[in-house]
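Everything below concerns the one structure shown next.
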Amino acid sequence: MSPSFGRGAMTNSWQDMQNSECFLIAGSNCAECHPIAMKWVNRARAKGAKVIVVDPRFTRTASQADVFAQIRPGTDIAYLGAMINYYIENRLYDEFYVLNFTNALYKISKDFGFKDGMFSGFNPETRKYDYASWAYQLDAEGKPVKADSLDDPDCVFQKLKTHYSRYTFEVASNITGIPVAKIKQIADTFAAAKPGNIFYALGMTQHTTGVQGIRCYAIIQLLLGNVGKAGGGIQALRGEPNVQGSTDMANLNANLPGYIPYPTNQEKTLNDFAAKHGSVQYKPIVALLKAWFGANATAENEYGYQWLPKNNPANMPIQPQFFSKMEEGQFKLLLNWGSNSTVSIPDRKLVARGLSSLEMLVVADIFNTETAQFWKEEGLNPAKIPTEVIFLPAAFVYEKAGSMTNSSRLVQWKEVALKPLNDCHPDLDMLDHIFKRVRALYSGSNDPKDEPILKANWDYGDHEASALKVLQELGGYNDTTGKPIAAIGEYLAAPIGTVSTGCWVYAGVTPEGKNLADRRGNADPTGLGLNKDYAFAWPGNIRVLYNRASCDAQGQPVDSKRKLIWWDPVQNLWVGNDGPDVVDKTKGPDTPEGKIGFKQNPEGVGRLFAATYKSGTVAPEGTAAVVPIRGAGMTVDGPMPEFYEPIESPTANLLHPEVQSNPCAKIVSKEFGNPDEYPYVLTSYGVVEHFCAGAITRNIPWLNEIAPEPYAEISKNLAHKIGVKEGDEVEVSSARGKLVVRALVTDRIQTLKINGKDQETIGMPWSWGFASLSPGPSTNNVTMNACDPGAGTPEYKCCLVNIRRA
Amino acid sequence: MKFTRRGFLKLSGLSVAAVASGLGFDLEATAAHGHALKLAGCTKIPSICHFCSGGCGLLLHIKDGKLVHLDGNPDNPINEGTLCPKAASLAQVAYSPERPKNPLYRAPGSDEFVDITWEEAYDRIAKKIKEVRDKTWTSTEEITNAKTGAKETVTVNRAEGICMIGSAEVDNEESYLLSKLARLIGTPFHEHQARI
């Protein structure tokens, strides 16, 4: 979503779902995996909203649908491309919105091209694109040239039209297995009832084309004018309780907290960093360095920029690649907090090989996970595994104070409810103790390499670390006033180098004497579910992102029933029921700033075509560099989504057989199967009773009673073909491994017609492993480690398997 | 309808019914007393569910420092008191006998975990961080400047041998310190399950 809208976050909230007139739920079984979504969907349904569900299986969510389509896993872009084509050809788009809030009119460089499945700029050696030709035509000042009408052959709108003209309903049907009439029904239903809302989860992201699938959603929502509106938007139903927060805090190799790009060895100085990433990233990184190094961060020493480890772009492994780096000998120590890779990584035999190559593994978790006990797995010889393992028992969510950020960016605080069980400790304490001990070991060192440890600002209490003190570091301080930052506006207005914040998007969460994440005002005077006084939503307590786009040219709401914000000409101010997501609250709709609906994008509009672009040439304060203000978020595998078959696919790519799968995909697994040996498509999924890798839920007796073991869900046709009945044991195998589970013979999966041939899908839940109260075989024995080139998410949702009676 | 013993006996018309059903006391008082036995005197402390990213509110009923009951927080506007089966089962984590009681250590080649103290665990971890950091440290490396094409030696300050897998299942403050600790000790090799 970030290359489309400027921020990667879910646009609206759970409560806002009650405002929708139509839902497209595709890539999410929210009735099981996010039951809270279904509560609000049902509230909208009670008022007449329509629900469309697209899924490889007839799920519990599908059982609530007005329109259900069963799809071959990994082919979503084909039918979504057909929807885009249909909306353009039949002028079903919102013309005012498209003209004012998207880059539809922007003219694209003559150098841009697309042929036979490849965009211009591909380097076959690196398997990467050079974005240079995915550019706008620029005027003398470096600003994009806009066309006079949507008919201009150079404009984005026409590029879109040409690109998707190949995506007819018939082609889409042959690829996906969804009948032509059903695709048309989906397209018509979704365009007819506005505001329309799209949900996705891992069903959409766990593909080698995951990012581009979400880009299709963004294009559809921008064409229909559904972004920035109550009841509209795109809801990324994220997978873990604090995955939004942990992403905000940059538990990822390419970011620092607050989505600051991680410095690489090409940015030798802070000025180099600013020149590359724009002045817009300069202030956050200085504020972060001040939070990390306190008084030791000064303008003279580049605020400690040199103390940060720099990435080498040639060696930036993502989590699924970590285990290869262990096996190859680079990593010798893994510190592992609350995650269970031994169950959760695809083609998981690689994990044990990696962990066995370490000198030490440290695991902090609630229960003794498969990862901590990897050396106990059947088939391994512990005597030959030299890894030292230390397990740290962690306090559970209600045994510690702190905040978590839910899917809709809502930062909620909780106090300690219970003392930690046994001798368990919060992870916060563990981190505090470990850092202080490491610092003590380096005490007195004069080696420059030890400066970041010795000069760090790390003071969260003497014995037990205080979570509130950490939250206050995120909320930030203003050197000028000597007080905590009161609101994000104060941070934005402050001169560079005068404010510190550990994560600038959280700036203002802890004004003096307050903790806005702990607010409990649950009134909802508008009936729109905004609940503005409940906890704190980043940024700046905005509940519906991009809400400027809910207004017309005069700055008044286009939907009188769902008013979010508006321009008040008397006060000369943007005001409203929600926090206005505008550049400047005092700049009216007749000013250039006041027209901007997507302020995080350098163009200020939503991006139908993800062009490379940097705006402005203003130098940041305190630097000599002349740098762009803001760079655009990019999709690494194309400026417009293109359909590619999954890495393991039962059929040829109908659009361009010579470019079968995503040419940029990151391939980690070594073994791949073909459809002759492995004719069926496996899709893995979760069930309501178990959570992710099951480390917690498989230790909860109530849940184990309801869902004791994994299984393979197959159609009646396939059951007949391989001669099994419900409850029989079957062996599911791929080129990478196998496992034995019981068969669930069901109508929930039907045989599909793909490219004229019958195709079977197999569904398997994946939350089991060899340890816990309720052990079971792991589906990730057979899945494939091949990742989306942009997000790095593995293609768990489709691989080729065989199945036979065990 | 108000349920009283007299009313009940009138309705049944027979005192035998009371004897046969084991009744012989005030039903309303009994119901109220039964409820009070469990939750009376509890402190209600709100918390947040630990599973999907909904952020549903929990309400923990605590008496004498013990968890007596867990249900949905009716004052949380996200879930308005409702919980899914997973969230409703969270009470079973509080006193689970499966939870390890103290830090554990597995020696190289061993087939068992043994108990260790926190002191020993922290000591071993800190020393290992220093050892691996010192022996795998890269202070500079040679690069080709992407703009000029020139070879340059640049400061990179990386502990190549240490990696960290953080978590989407811990609090923001913990998640932030994971990020901060990793980068302060010199490892940019910090990832977590948001990726997968």
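Please treat every number below as a calculation from the coordinates, not as lab data. Because the structure is a prediction, the values reported are computed rather than measured. So basically every Cβ, Gly included, is an ideal-geometry build from the backbone, and we count neighbours across all protein chains shown.
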Requested in this report: Would you please state which residues of the range A:135-150 a label at A:THR162 would reach in this model, taking the label point 7 Å out along Cα→Cβ and a backbone N cut-off of under 12 Å?
Outcome: none
Report task. May I ask you to derive the FRET efficiency for A:ASN42 and B:ASN145 from their Cβ-Cβ distance with R0 = 56 Å, giving the value to the nearest 0.05? Result -> 0.45
Query - Candidate lysines for bridging to B:LYS130, where Cα separation is under 17 Å - those fewer than 8 sequence places away on the same chain excluded - result: A:LYS332, A:LYS436, A:LYS449, A:LYS455, B:LYS180
Query raised in the report: Among A:THR205, A:VAL286, A:SER246, which residue has its Cα positioned farthest towards the positive end of the charge dipole of the range A:196-332, with +1 placed on the Cβ of Lys and Arg, -1 on the Cβ of Asp and Glu, and the dipole taken about the Cα centre?
Result: A:THR205
**Report entry** Alpha carbon centroid spacing (whole Å) that separates the range A:511-573 from the range A:208-275
**Finding:** 22
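Could you please rank B:HIS69, A:HIS277, placing first whichever residue has the fewest other Cβ atoms within 10 Å of its Cβ? Working shown, then result.
Details: B:HIS69 14, A:HIS277 21.
Sorted ascending by nearby Cβ count, the order is B:HIS69, A:HIS277.
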Report task. With label points built 7 Å along Cα→Cβ from the Cα atoms of A:LEU99 and A:ARG437, find their separation and express it in nm. Result -> 6.7
**Report entry** Total charge dipole magnitude, the range B:136-196, about the Cα centre, Cβ charges on Lys, Arg, Asp, Glu only, Debye to nearest 20
**Finding:** 280
Report task. Among A:MET784, A:GLY763, A:ILE714, flag the residue with its Cα farthest along the positive direction of the charge dipole of the range A:666-805, charges on Cβ as +1 for Lys/Arg and -1 for Asp/Glu. Result -> A:MET784
Query raised in the report: Taking the Cα atoms of chain A, what is the range of coordinates along each of the three principal axes, in descending order and whole Å?
Result: 76, 68, 55
Requested in this report: Could you give me the percent of Cα pairs per 5 Å distance bin for the range B:98-191, shortest bin first, beginning at zero and ending with the bin that holds the maximum distance?
Outcome: 3, 11, 13, 15, 19, 16, 9, 5, 4, 3, 2, 1
Requested in this report: Using only the alpha carbons, work out the radius of gyration and Dmax of the range A:491-642 in angstrom.
Outcome: 17.7, 52
Query raised in the report: Once label points are set 7 Å from the Cα along Cα→Cβ at both A:ALA314 and A:ASP676, what is their separation, rounded to one decimal in nm?
Result: 4.0
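Holding the Cα-Cα limit at 20 Å, pick out from A:LYS400/A:LYS469; A:LYS721/A:LYS753; A:LYS414/A:LYS469; A:LYS161/A:LYS229; A:LYS182/A:LYS797 the pairs that are longer than that.
Check vs 20 Å cut-off fails for A:LYS161/A:LYS229; A:LYS182/A:LYS797.
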Query raised in the report: Counting Lys and Arg as +1 and Asp and Glu as -1, each charge on the Cβ, what is the dipole of the range A:103-230 about the Cα centre in debye, to the nearest 20?
Result: 400
Report task. Can you grab the distance from the C-alpha centre of the range A:769-806 to the C-alpha centre of the range A:625-689, Å, no decimals? Result -> 16
Report summary line: Total charge of the residues flanking A:VAL558 in space, meaning their Cβ is under 12 Å from its Cβ, with Lys and Arg +1 and Asp and Glu -1, is +3
**Report entry** Ranked list, fewest to most other Cβ atoms within 10 Å of each Cβ, for A:VAL659, A:VAL243, B:VAL170
**Finding:** A:VAL659, A:VAL243, B:VAL170
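About the Cα centre, and with charges only on the beta carbon of Lys, Arg (+1) and Asp, Glu (-1), how big is the dipole of the protein assembly as shown? Nearest 20 debye, please.
With only Lys, Arg, Asp and Glu charged at Cβ, the dipole is about 1540 debye.
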**Report entry** Net lengthening on full extension, A:GLU170/A:ASP447 (0.36 nm per residue, minus Cα-Cα)
**Finding:** 93.0 nm
Query raised in the report: Could you give the distance between the Cα centres of the range A:295-338 and the range B:161-186, to the whole Å?
Result: 11
Query raised in the report: Is there a simple number for the mean count of other chain Cβ atoms within 10 Å of the Cβ of residues in A:761-771, and what is it?
Result: 0
Query raised in the report: Taking a threshold of 19 Å on the Cα-Cα distance, which of the pairs A:LYS159/A:LYS599; B:LYS63/B:LYS86; A:LYS290/A:LYS483 fall above it?
Result: A:LYS159/A:LYS599; B:LYS63/B:LYS86
Report task. Let me have the 222 nm mean residue ellipticity of the protein assembly as shown computed from DSSP H runs of 4+ only, each contributing -39500 (n - 2.57), with the sum over all residues rounded to the nearest 500. Result -> -7000 deg cm²/dmol
Query raised in the report: Where Lys and Arg each count +1 and Asp and Glu each count -1, what net charge lies around B:GLU173 among other residues with Cβ under 10 Å from its Cβ?
Result: -2
**Report entry** Using θ = phi - 60° and Karplus 6.51 cos²θ - 1.76 cosθ + 1.60, couplings along the range A:661-675 (whole Hz; Gly, Pro as x)
**Finding:** 10, 4, x, 9, 3, 8, 9, 10, 4, 9, 10, 10, x, 10, x
Query raised in the report: Once the dipole of the range A:666-805 is set up with Lys and Arg at +1 and Asp and Glu at -1 on Cβ about the Cα centre, which of A:LEU752, A:PRO775, A:THR683 lies farthest towards its positive end?
Result: A:LEU752
**Report entry** log10 of Debye I(q)/I(0), alpha-carbon scatterers only, for the range A:430-527 at 0.12, 0.17 Å⁻¹
**Finding:** -0.53, -0.88
Report summary line: Surrounding charge for A:THR59, neighbours by C-beta under 12 angstrom, Lys/Arg +1, Asp/Glu -1, total 0
Query - Stretchable slack from A:GLN556 to A:GLU89, in nm (0.36 nm times residue separation minus alpha-carbon distance) - result: 165.1 nm
Query raised in the report: Within straight cross-link reach of A:LYS561, meaning Cα distance under 17 Å, which aspartates and glutamates are found once same-chain residues fewer than 8 apart are removed?
Result: A:ASP16, A:GLU21, A:ASP524, A:ASP552, A:ASP578
Query raised in the report: Over the range B:41-97, what number does the Rg to Rh ratio reach, with both radii from the alpha-carbon atoms and Rh per Kirkwood?
Result: 0.96
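Kindly identify the range A:666-805 as rounded, prolate or oblate by the Cα gyration tensor criterion: order the square roots of the eigenvalues as a ≥ b ≥ c, call it rounded if a/c is under 1.5, otherwise compare a/b with b/c, prolate if a/b is larger, else oblate.
Oblate shape, in that a/c is at least 1.5 and b/c is the bigger or equal ratio.
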Query raised in the report: Across all directions of projection, what mean area in square nanometres is found for the Cα convex hull of the range A:547-596?
Result: 2.9
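Where does each of A:VAL583, A:VAL41 land when they are ranked from fewest to most other beta-carbon atoms within 10 angstrom?
Lowest count first: A:VAL583, A:VAL41.
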